[in-house]
Each structure stands twice: as structure tokens, then as C-alpha cells.
Amino acid sequence: MQLRQWQSECVKRALRHFYGAHRYFLCLATPGAGKSIMAAEVAARLFEDGLIDFVLCFSPSVNISQGMKQTFSNRLECRFDGVIGSVGCSYTYQGMLAFKEDFWQLLRRNRVLVVFDEIHHCAGRSLEDANVWGEEILLNIQAQAQYTLALTGTPWRSDQAPIVLSRYTDPDNLIQCDYVYGLKEAVADGVCRSPHIVLIDNDKILVTDEENETKTYGSLDELLKSSSIPYQSIIENHEAIQHILALATNKLRAIKQSNPNAAGLIVASSVSHAADILNTLKTEFNETAQIVTYKEDDPSAKINEFKNSTTNWIVSVGMISEGTDIPRLQVCCHLSRVKTELYFRQVLGRILRTNASLNQQAWLYTFAEPKLVEFASRIAEEIPDIPVIFSEPIEIKLKQELPEPLDMTVKAMSPSNSNILNTGRLSIDTQTQSYSIELLSRDILDTPTSLSFELLGGFREKVVSTFNSPF
């Protein structure tokens, strides 16, 4: 297989690292760049030079583990399932907890390369601060493995705990990576798609309390900081879901005019939330869609089925957040209650993998929750040419009495900016910087209301750098 330039460079650097008596190598490469292919090439070269006898791969999910197994089997041209005659095996981190002492003897009696995919899931400088997966690595792999190759696309943890086996600067406490390939470089090389991020806000949010008193908020930021309304109420509101799905389904339809096989991902906050979204997609938008959650009998099979199908949408709860390779995904709705930068970048990474299609657009839709706005702004700062779209306004009415169903109404906004085009449903001009879309209000069931969405840029002046991001 022909390696990309960054993969070739990283393989050479890893081999020099190992040949120089160093045993641990950390590769930071943006999601979608092809880390597992690079790792398989390192393994192949070490086998060719007679430096290893076996390879063990660990990753955070069954689906990713299966992908690693296939990648290594293809490159090494050998079985990779741990049976007699194979040269390695791929497991999940969870699987490590069930291994007995006789399994770990494999590392003591053989020269083993251990590959950790998405190593940030494993924490701990020592047994005192390690999580369960980090503890297994410290106890059974750190001193026994011939070489360890760690891969990550997001080199930090939301709990700020140290990543196992990693080195940090003192006193800044910044992670030290042996090779870095950021999103900016990946987009410039055509390895990853350049993302478009749409942040949906509202300029008039009415909250009515139990005494029937009403307060008005001018943005989600103001609402979430000044009231007891949680973000969960926004992402579970049916009219809010209708609104964001109208944007996303229209965008996917536009992309499918040139890429018939293009698809979309919706990351939901719970199983019931995912089921509601699935029903809305099918009944109100007439979209083909399927759901995958931890409650499915075989979620990995469902993901693989979707990967090779013509179904338009897949609705997931934490099953396709990282490492899952579905290049036909080009549109995503981030509707999870998880609001960490780690998760935001993992979700964004699902739509960045390039393929052979003519249209390589990637669109992420979410609400303008303050943290998500900050994360999107950082992406815009790292890749200055990407459009960050701030979508507004619509009027929202919320009741303080939760969890009673929330009421939202949509108001019409006449275009006042000459850049706004009233193009209507299904006729979005992708060359323009703004557009409008039709959405039916609950209160005006028979009258389409035009909502205008204007591109305002990256609002980069609001970015505050909290760490030295290599992206």
C-alpha cells in the first residue's frame, strides 16, 4: 500500500526511535489521517528486521478493534487473530481486565510490539493515579513489552489525568509527542476534509416560571448562564430537533447530488433521545435511517452494515464517537450532553475522512452552547479559512417546569443583509456564504416560515488559548 507522506515520515521516525534503544513512541495524528495504517507499517518493518515476534493491539471498542485486526492482517499478509500461525491479535482495553497471568507471559517470553490506539483512554503515571486500563498497562505491559507504539488524535483527557506511559514537560505539564500531524496539515495535504461548523443560536428565548413570570434571553449563552434551564432541555426539545435536522438533511441532500452514497451521523444523548430523533428523521423528513446503541445485540455488525449500505443517516449514542472509519459520512449533528473538547473533536473527526467522491464537504451542526462555541472557535483559529457559521434567530419559549414538554415557536425574519439568499428548501447554493431554509412551526402548521442563517465568520477574537494545541 502506498503510504501518505506523513505516514512515511512517522514510520521512519518511529523506527529510528526504536533502533536508538527507546521503547515507547507516541504519535499524535488528527482523526481520519490513517494512524492504524502507519502502525501496521511500523510492525511490518520490525518483523522484516527480525526485531519482534508478535504484535498486540489494544483499542477502546470492538468496532475499532476489528478495524485494527483487518488493517494489520492486510499489511502483514497473515492471520491476526491470535491462533496458531498468526503474528498478532487485536483486543479491546476492556478485554485486558479478563486476561490471566499465562496471557501476560507472552510478553515476557517473546519480543512483542504493543500498539495502543486512542491511548488517551488509559490514565496513570503510577498505580496511585491510574484508571483500570492504565493500571493493567503499568502492571503487565510497561516493563515487559519490547516496544510500545501509542496513537491518539486527541492528546488529553477531560479529567486532566495524565495519559499512561506518556512524558510531560515540567513545570508546564504539556504532553510530549514523538510525531505530530495536525488537522491543519491534514487539510492542506488533502488527507482530511476541511470542516464547516454551524452553531445554532436564538436571539429571543422566553422562559416562564411557575408563577407565570416570563424572562427574555438574547442567546443560549445568556440563557444557560442566567437560568436553571439545562442544555439537555435544548437538545431534547422537539422543535429544536426539527430545526437542526432541517438544516442537516437539506445539506446532505445537496451533497448527495454529486455524492449519491454520502451519509450523515447524529450523536444523541441517550437511547430514548436517539429513538426520538430516528422517528423524526423517518416520519417528518422521510429519510432512511438506522440506530446503533449499546443496547443492540451486535452494534459492530450494524455499524459495518451502515458503512456499506445506502441508508442516509445513522443515529448513535457513543458508538461512533472515535476511531470508526465510515468515509461516506459528511454531515453530523452533535446533540450529545457531553460537552468536552475531547469529545467535540472526536465527533468532528467522524466526517473528516476523505474518499474518492467528487464533493468533499464536511458539515457539523450543533447548538451555540458556550463551551461548544469555544471549541469551534479554536478549530477556526487553527484553520483560518474554514467557515464557522453562526445561525440565528428563532424565538424560543421555554417553561421552567421540567421535565414537562417544552414549547418553541418560530418567528419569521425578513432578510436585511444583502448577502442573504432566500433560496428555499433543497436549493442551497453552496458557493454563497449564507442561505435560508423553510421550517414549519407548530403554531403555524400550514404556513412555511423563512429562517435566515448568515455566515458571520470565526469570531476568533473570543478565543482564549488554554493549552498549546498542536492542531
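The values are calculated or read from the model by the stated rules, or taken from the named source; none is laboratory data. Only a predicted model underlies this, so the values are computations on that prediction, with no experimental measurement involved. Note that we place each Cβ from the backbone using ideal geometry, even for glycine, and neighbour counts take in every protein chain shown.
For Ser309, the requirement of being within 21 Å of His121 (Cα to Cα) and at pLDDT below 95 is not met. If we scan the stretch 109-118, do we find a residue that is within 20 Å of the chain's Cα centre (by Cα), at pLDDT 90 or above, outside any strand (DSSP E or B) and at negative phi? Taking every residue of the stretch 109-118 in turn, at least one turns out to be within 20 Å of the chain's Cα centre (by Cα), at pLDDT 90 or above, outside any strand (DSSP E or B) and at negative phi. Out of Arg167, Arg111, Arg157, one residue alone is buried (at least 16 other Cβ atoms within 10 Å of the Cβ) and basic (Lys, Arg). It is Arg157.
Considering only the stretch 57-70, how many residues are within 21 Å of the chain's Cα centre (by Cα) and either part of a helix (DSSP H, G or I) or without any contact (Cβ under 8 Å) to a residue 12 or more places away in the chain (or both)?
Here is the first cut: in the stretch 57-70, the ones within 21 Å of the chain's Cα centre (by Cα) are 58-68.
Next, only the ones that are either part of a helix (DSSP H, G or I) or without any contact (Cβ under 8 Å) to a residue 12 or more places away in the chain (or both) stay: 62-68.
Going through the stretch 57-70 one residue at a time, the tally reaches 7.
Do we have any residue at all in the stretch 195-204 that's farther than 25 Å from Ala362 by Cα and either outside the structural domain of Arg23 (by TED's automatic domain parsing) or crowded, with 18+ Cβ neighbours inside 10 Å (or both)? Taking every residue of the stretch 195-204 in turn, at least one turns out to be farther than 25 Å from Ala362 by Cα and either outside the structural domain of Arg23 (by TED's automatic domain parsing) or crowded, with 18+ Cβ neighbours inside 10 Å (or both). Would you confirm whether any residue within the stretch 303-313 is surrounded by 17 or more Cβ atoms within 10 Å (Cβ to Cβ), assigned to a helix (DSSP H, G or I) and touching a Pro at 6+ places or on another chain (Cβ under 7 Å)? No: zero hits. Given the condition touching a Leu at 6+ places or on another chain (Cβ under 8 Å), modelled with pLDDT of 90 or more and not acidic (Asp, Glu), answer yes or no: does some residue in the stretch 320-330 qualify? Looking through the stretch 320-330, at least one residue is touching a Leu at 6+ places or on another chain (Cβ under 8 Å), modelled with pLDDT of 90 or more and not acidic (Asp, Glu). Which residues, taken from the stretch 335-353, are touching a Lys or Arg at 6+ places or on another chain (Cβ under 6 Å) and either at positive phi or not basic (Lys, Arg) (or both)? Listed by number, the list holds a single entry, Leu352.
Criterion applied to Ser90, Ser73 was being modelled with pLDDT of 95 or more, in a strand (DSSP E or B) and of a type in the set (S, T, N, Q), and the one residue passing it is Ser90.
Of the residues making up the stretch 178-234, those that are of a type in the set (D, E, K, R) and more than 30 Å from Ser8 (Cα to Cα) are Asp201, Asp203, Lys204, Asp209, Glu210, Glu211, Glu213, Lys215, Asp221, Glu222, Lys225. Every condition in (1) surrounded by fewer than 21 Cβ atoms within 10 Å (Cβ to Cβ); (2) touching a residue at least 24 places away in the same chain (Cβ under 8 Å) holds for Gly218 except the one numbered (2). Restricting the stretch 273-302 to residues that are among the polar types (S, T, N, Q) and in a loop (DSSP other than H, G, I, E, B), which is farthest from Leu247 (Cα to Cα)? Out of the qualifying residues, it is Thr293.
Does at least one position in the stretch 283-292 carry a residue that is under 18 Å from the mean Cα position of the chain (by Cα), within 28 Å of Ile37 (Cα to Cα) and assigned by TED's automatic domain parsing to the domain that holds His196? Even if it seems obvious, please write down each step before you answer.
Restricting attention to the stretch 283-292, the residues satisfying the condition of being under 18 Å from the mean Cα position of the chain (by Cα) are 291-292.
When the remaining residues are screened for being within 28 Å of Ile37 (Cα to Cα), the result is 292.
With assigned by TED's automatic domain parsing to the domain that holds His196 added as a condition, the list becomes 292.
Within the stretch 283-292, one or more residues are under 18 Å from the mean Cα position of the chain (by Cα), within 28 Å of Ile37 (Cα to Cα) and assigned by TED's automatic domain parsing to the domain that holds His196.
Of all residues in the stretch 357-377, those that are more than 23 Å from Ile205 (Cα to Cα) have Cβ atoms under 7 Å from Cβ atoms of residues that are in a helix (DSSP H, G or I) and among the β-branched types (Val, Ile, Thr), 6 or more apart or on another chain, in Asn359/Ile255; Gln361/Ile255. Give the stretch 18-40 a look and list any residue that's assigned to a helix (DSSP H, G or I) and surrounded by fewer than 21 Cβ atoms within 10 Å (Cβ to Cβ), or say none. Tyr19, Ile37 - these are the residues of the stretch 18-40 that are assigned to a helix (DSSP H, G or I) and surrounded by fewer than 21 Cβ atoms within 10 Å (Cβ to Cβ). One residue alone among Met96, Met38 is out of contact with any strand residue (DSSP E or B) (no Cβ under 6 Å at 6 or more places or on another chain), modelled with pLDDT of 95 or more and closer than 19 Å to Leu165 by Cβ, and that residue is Met38. The set of residues in the stretch 107-142 being touching a helix residue (DSSP H, G or I) at 6+ places or on another chain (Cβ under 9 Å), farther than 21 Å from Ile64 by Cβ and of a type in the set (A, V, I, L, M, F, W, C) consists of Leu107, Leu127, Ala130, Leu139. In the stretch 175-203, the residues that are over 17 Å from Trp156 (Cβ atoms) and at pLDDT below 90 reach residues that are surrounded by fewer than 22 Cβ atoms within 10 Å (Cβ to Cβ) and aromatic (Phe, Trp, Tyr) with C-beta atoms within less than 7 angstrom, at least six apart or across chains, in these pairs: Lys184/Phe471; Asp201/Phe390. Report yes if Leu28 is over 22 Å from Cys122 (Cα atoms), of a type in the set (A, V, I, L, M, F, W, C) and touching a residue at least 40 places away in the same chain (Cβ under 8 Å), otherwise no. Against the criterion (over 22 Å from Cys122 (Cα atoms), of a type in the set (A, V, I, L, M, F, W, C) and touching a residue at least 40 places away in the same chain (Cβ under 8 Å)), Leu28 does not qualify.
Taking into account only those residues within the stretch 317-375 that are basic (Lys, Arg) and outside any loop (DSSP other than H, G, I, E, B), which is farthest from Leu278 (Cα to Cα)?
Taking the candidates together, the pick is Lys371.
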